Every structure is written in C-alpha cells, then in structure tokens.
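Student: Got a structure for you, questions after.
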Amino acid sequence: MARVVVGSYMVRYPLGGMMSYVLQYLRGFERLGHDVYFVEKAGYANACYDPIRNVMSDDCACGVDIVGALLERFGLADRWCFVDAHERYFGLSRGRIEEVFRTADLFLDMGTHGAWLGEATGGVRVLLDGEPGYTQMKMEQRLARGEPLPQYDYYYTAGRNVGTARSSAPTAGRTWGHLWHPIVMDEPPSTPTSPSGPFTTIMNWQSHGRIEFNGQTFGQKDVEFEHFLELPRKTAAPMEIAVAGKHVPTQRLEQAGWTVRDAHAVTASLDSFRNYIRDSRGEFTVCKHVFVATNSGWFSDRSAAYLAAGRPVVIEDTGFSDHIPTGRGLFAVRTVEEAAAAVAAIDGDFPRQSAWAHEVAAAHFDAERILGRFLEEIL
C-alpha cells in the first residue's frame with residue numbers, strides 16, 4: 001500500500017464538475033488499496049469562489065463546508081487539508097499534514113503550482129498537467145525570463161501527443177509521460193431507448209486569457225465554438241450548452257438555435273453535475289483552441305463522465321483519435337458537417353451507441369486501470 005497525496009483545487013471552486021474531476025483520482029487510488037489524501041492552498045488573495053453569493057474573496061467557509069461534507073460522504077473525512085490566505089489550516093492540522101507528507105510515497109500535483117513542494121519532502125513528486133500546450137508554453141516563457149521552475153521527479157500530461165512528433169506543443173526541456181483523466185466505473189449507466197433530452201455540454205467560454213508563443217496567439221473555447229455555431233441548424237436534435245465565463249455571446253448563441261443554461265447553476269453540486277449528464281441525450285463539445293491548434297491529444301474528464309454514464313460523445317478532435325477508437329459511442333470531429341453526421345448516427349441507433357459509449361469509458365478511462373499503470377511507472 002502506498003501513501004498518496006493529491007494536490008489540486010476544490011475548496012477554491014466548489015462546483016460539481018471540479019469536485020468530480022478530483023474525486024476520480026482520490027477514489028481511484030483508494031480503490032487500488034492506497035492511503036490517499038487531498039491538499040489545497042489558497043495561494044493568493046481573493047482565491048475562493050462562493051457560489052451562493054457569487055463572489056471571490058479570502059473567505060473559504062463555503063468551500064470548506066461543501067468539500068468537507070463531500071469527502072466525508074466518500075469516506076475521506078480525515079484525509080484532507082486546506083490552507084487559506086491567512087495560513088489557517090482546515091481539515092487536518094499543520095503538524096498532521098506535514099507528517100503525512102514526510103511519510104508519503106507520492107505527491108501528485110494536479111494544479112497547486114508548486115505550493116506544497118516545501119512540505120513534499122518524502123517520496124516521488126509528480127506534476128500532472130491538465131492544460132497541454134498552454135502549460136508548456138508558460139513554462140518556456142518563464143525559462144526565457146530566467147525564472148526557475150518548480151522541480152519534480154516526473155512530468156505527466158493529459159495531452160497524449162505532447163512530447164511526440166504529432167504535436168507542436170513545446171516541452172520546456174522536460175520528458176512528458178501521458179495520463180488520461182480517469183473515471184471511477186462504479187455506477188451502471190442508464191440507457192433509455194427513446195432519449196428525449198438534448199445534446200449538452202458544460203463549459204467555460206474563456207477559462208483564462210489568450211497566450212502568445214513563437215508569434216502565434218492561442219485562445220480558448222470561444223475561438224473553436226465559432227466553427228460549430230451553426231450546428232443546431234444542421235440537425236434535428238436539440239442542442240444545449242451550460243456555459244460560464246467572460247464575454248459569453250448569449251443572444252448570438254440563442255439566435256443560432258442553442259439553448260443556453262448557466263453552467264454554475266447546473267453544476268451547483270456533484271449530484272446536479274451528474275444528473276445533468278444523465279438527463280442528456282449525449283454530449284457535443286468543442287475543445288480549447290490551444291489543445292486543437294497544437295494537436296495535443298487532450299481528452300476531457302467531463303466527456304469521460306458522459307461516456308461512463310452511457311451518453312455518447314461528439315467532441316472536437318485534438319489528436320486523441322490517434323489513440324482511442326472512434327465512430328461507435330465516441331465521435332471525433334473537425335467540422336460542423338462531421339458533427340451533424342455524428343449526431344445523426346447517434347440518434348439513428350441510440351441504444352447501441354449508448355452501450356458503446358460505456359464500453360469506451362471502461363476500456364480507456366477506467367480509474368483503477370489508468371492509475372494502477374501510472375503507479376507502476378513511477379514507484
């Protein structure tokens with residue numbers, strides 16, 4: 001049994017999609033019989049989002065309450081620690097979490113930006129990049145400015161093509177391993193024979209600003225969605241997006257035939273996030289421009305959740321189709337015409353497409369298989 005510490009963020013953004021993402025790792029390691037802990041730090045001022053008041057502040061009370069209750073629900077009540085902007089510890093005490101780190105076999109940093117490296121004195125330290133292309137560009141820019149980078153024993157990325165000839169993403173001089181985002185396959189999918197719900201997705205219009213690298217500008221989903229704006233007019237299936245972020249062109253989307261929902265409302269809790277997926281006919285989604293333009297090979301943890309629920313997925317190709325079979329339950333598309341054809345194929349044989357979607361999830365994203373192989377590579 002290994003002691004595994006996972007660093008990411010949930011308290012700072014306590015919405016269902018983020019909590020689902022982190023839980024897959026925590027529960028996946030636990031399913032393999034390992035001793036797992038979750039850690040997080042505020043890291044900067046006004047880092048904590050309160051979804052009830054819709055404000056950013058240093059007050060972590062809402063996130064602490066939500067995440068504490070969530071982890072207790074899954075048997076992890078005494079396995080987490082959050083440090084706020086004033087260096088106050090919630091969950092495990094400072095002394096206890098420092099002892100956990102000293103005796104840990106692995107620290108998996110999934111987005112703390114090195115905040116816990118001072119405590120991670122024992123075991124192997126691994127950086128897991130969930131923003132392939134963007135992360136490496138930011139690293140290259142820091143190196144060009146003469147700034148040191150946090151040091152890890154291994155570097156992994158969710159971009160399957162990063163570090164290979166298939167992708168134009170830089171490497172920042174690191175050797176990158178590859179890890180699909182896992183999904184815990186513990187609930188049988190529901191498979192209605194006559195689905196009436198819409199094709200949906202949950203997305204941020206602009207997660208962060210654009211980045212310039214080597215004379216090119218790389219954007220977010222706002223850039224890629226333009227290519228698929230007319231999809232509702234090319235299919236009879238209802239199309240819906242639950243969207244958050246800056247500069248969402250709600251009126252323009254609705255005029256093109258999209259139903260627009262508030263992403264924060266549909267992901268207010270882990271259960272509402274899961275229910276939104278289960279009430280969907282399937283997913284249609286675009287990917288961030290930087291993922292597509294670099295052919296990074298990224299695949300969404302949210303799309304994996306749709307597949308596991310037996311909901312077919314139509315997703316813009318980032319190069320992942322070089323590694324995962326498509327055309328049955330999962331469709332990789334580059335144009336709006338390909339997306340419309342994929343939607344028609346799903347609607348034409350939904351029961352089998354639903355079963356195939358679940359098979360894809362089990363074959364390629366099962367948490368125990370993915371994380372077990374990962375641990376064999378690094379420990």
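Student: Of 344, 340, which residue is more than 21 Å from residue 132 (Cα to Cα) and surrounded by fewer than 18 Cβ atoms within 10 Å (Cβ to Cβ)?
Tutor: Exactly one of 344, 340 is more than 21 Å from residue 132 (Cα to Cα) and surrounded by fewer than 18 Cβ atoms within 10 Å (Cβ to Cβ), namely 344.
Student: How do the pairs read when you match residues in region 341-352 that are in contact (Cβ under 8 Å) with a residue 60 or more places away in the chain with residues anywhere that are of a type in the set (Val, Ile, Thr), using Cβ under 7 Å and keeping only pairs 6 or more apart or on different chains?
Tutor: Between residues of region 341-352 that are in contact (Cβ under 8 Å) with a residue 60 or more places away in the chain and residues that are of a type in the set (Val, Ile, Thr), the close pairs are 343/235; 343/314; 344/235; 351/191; 351/193.
Student: Additional query: Which of the strands (runs of 3 or more DSSP E) contained wholly in region 1-97 include at least 2 residues that are of a type in the set (A, V, I, L, M, F, W, C)? Working first, answer last.
Tutor: Details: elements: 3-7, 35-41, 48-50, 55-57, 80-83, 89-91.
Strands (runs of 3 or more DSSP E) meeting the threshold: 3-7, 35-41, 55-57, 80-83.
Student: Give the residues of region 212-225 that are free of Cβ contacts under 8 Å to residues at least 24 places away in the same chain and in a strand (DSSP E or B), sorted by residue number.
Tutor: Result: 212, 217.
Student: Identify the residue in region 128-175 that is in contact with a Gly (Cβ under 9 Å, 6 or more places away or on another chain) and of a type in the set (Lys, Arg) and, among all such residues, is surrounded by the fewest Cβ atoms within 10 Å (Cβ to Cβ).
Tutor: Looking at residues that are in contact with a Gly (Cβ under 9 Å, 6 or more places away or on another chain) and of a type in the set (Lys, Arg), I get 166.
Student: Now for a separate question. Name the pairs: first residue in region 102-129 and basic (Lys, Arg), second residue not in a loop (DSSP other than H, G, I, E, B), Cβ to Cβ under 9 Å, at least 6 apart or on different chains?
Tutor: Listed by first residue and then by second, the contacts come to 125/106; 125/107; 125/108; 125/109; 125/154.
Student: Show the residue pairs meeting these rules: Cβ distance below 7 Å; 6+ apart or different chains; first residue within region 226-246 and under 27 Å from residue 18 (Cα atoms); second residue crowded, with 19+ Cβ neighbours inside 10 Å and among the small types (Gly, Ala, Ser).
Tutor: From region 226-246, the pairs are 228/339; 242/263; 243/263; 244/263.
Student: Out of (1) modelled with pLDDT of 95 or more; (2) over 21 Å from residue 48 (Cα atoms); (3) surrounded by fewer than 20 Cβ atoms within 10 Å (Cβ to Cβ), the odd one out for residue 121 is which?
Tutor: The single condition residue 121 does not satisfy is (1).
Student: If we scan region 231-242, do we find a residue that is in contact with a Pro (Cβ under 9 Å, 6 or more places away or on another chain), under 20 Å from residue 276 (Cα atoms) and part of a strand (DSSP E or B)?
Tutor: Yes - at least one qualifying residue is present in region 231-242.
Student: Name, by its number, the condition in (1) surrounded by fewer than 17 Cβ atoms within 10 Å (Cβ to Cβ); (2) part of a loop (DSSP other than H, G, I, E, B); (3) in contact with a strand residue (DSSP E or B) (Cβ under 9 Å, 6 or more places away or on another chain) that does not hold for residue 254.
Tutor: (2)
Student: Against the conditions (1) touching a strand residue (DSSP E or B) at 6+ places or on another chain (Cβ under 9 Å); (2) closer than 22 Å to residue 221 by Cβ; (3) of a type in the set (A, V, I, L, M), where does residue 360 fall short? Just the number, please.
Tutor: Going through the list (1) touching a strand residue (DSSP E or B) at 6+ places or on another chain (Cβ under 9 Å); (2) closer than 22 Å to residue 221 by Cβ; (3) of a type in the set (A, V, I, L, M), residue 360 breaks only (2).
Student: Condition (residue is of a type in the set (Val, Ile, Thr), over 25 Å from residue 250 (Cβ atoms) and free of Cβ contacts under 8 Å to residues at least 40 places away in the same chain) applied to region 204-211: is it met by at least one residue?
Tutor: To start, the set of residues in region 204-211 that are of a type in the set (Val, Ile, Thr) comprises 211.
With over 25 Å from residue 250 (Cβ atoms) added as a condition, the list becomes 211.
Filter again for free of Cβ contacts under 8 Å to residues at least 40 places away in the same chain, leaving none.
No, there is no match, as no residue in region 204-211 is of a type in the set (Val, Ile, Thr), over 25 Å from residue 250 (Cβ atoms) and free of Cβ contacts under 8 Å to residues at least 40 places away in the same chain.
Student: Can you tell me which residue among 208, 264, 227 is surrounded by fewer than 21 Cβ atoms within 10 Å (Cβ to Cβ) and touching a strand residue (DSSP E or B) at 6+ places or on another chain (Cβ under 7 Å)? Working first, answer last.
Tutor: Working: 208 fails: touching a strand residue (DSSP E or B) at 6+ places or on another chain (Cβ under 7 Å); 227 fails: touching a strand residue (DSSP E or B) at 6+ places or on another chain (Cβ under 7 Å).
From the options 208, 264, 227, the qualifying one is 264.
Results for (1) crowded, with 18+ Cβ neighbours inside 10 Å; (2) within 20 Å of the chain's Cα centre (by Cα); (3) not hydroxyl-bearing (Ser, Thr, Tyr), shown as yes or no for each residue.
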| position | (1), (2), (3) |
| --- | --- |
| 11 | yes, yes, yes |
| 37 | yes, yes, no |
| 40 | yes, yes, yes |
| 43 | no, no, yes |
| 65 | no, no, yes |
| 102 | no, no, yes |
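Student: Under 8 Å by Cβ, and 6 or more places apart or on different chains, what pairs join a residue from region 253-270 that is over 18 Å from residue 53 (Cα atoms) with one that is polar (S, T, N, Q) and assigned to a helix (DSSP H, G or I)?
Tutor: Pairs found: 260/250; 270/20.
Student: Would you point out which residue out of 160, 166 is among the basic types (Lys, Arg), in contact with a strand residue (DSSP E or B) (Cβ under 8 Å, 6 or more places away or on another chain) and farther than 23 Å from residue 13 by Cα?
Tutor: When all the criteria are applied, what remains is 160.
Student: What residue, of 36, 124, 55, is over 15 Å from residue 9 (Cα atoms), aliphatic (A, V, I, L, M) and out of contact with any helix residue (DSSP H, G or I) (no Cβ under 8 Å at 6 or more places or on another chain)?
Tutor: Values: 36 fails: out of contact with any helix residue (DSSP H, G or I) (no Cβ under 8 Å at 6 or more places or on another chain); 124 fails: out of contact with any helix residue (DSSP H, G or I) (no Cβ under 8 Å at 6 or more places or on another chain).
None of the others qualify; the one that does is 55.
Conditions (1) assigned by TED's automatic domain parsing to the domain that holds residue 347; (2) at pLDDT 95 or above; (3) in a strand (DSSP E or B); (4) more than 27 Å from residue 339 (Cα to Cα), marked per residue:
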| position | (1), (2), (3), (4) |
| --- | --- |
| 141 | no, yes, no, yes |
| 146 | no, yes, no, yes |
| 162 | no, yes, no, no |
| 167 | no, yes, no, no |
| 172 | no, yes, no, yes |
| 191 | no, no, no, no |
| 203 | yes, yes, yes, no |
| 208 | yes, no, no, no |
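The values are calculated or read from the model by the stated rules, or taken from the named source; none is laboratory data. Nothing here was measured: the structure is a model prediction, and the numbers come from that model. Backbone-built Cβ (ideal geometry, glycine too); neighbour counts: all protein chains shown.
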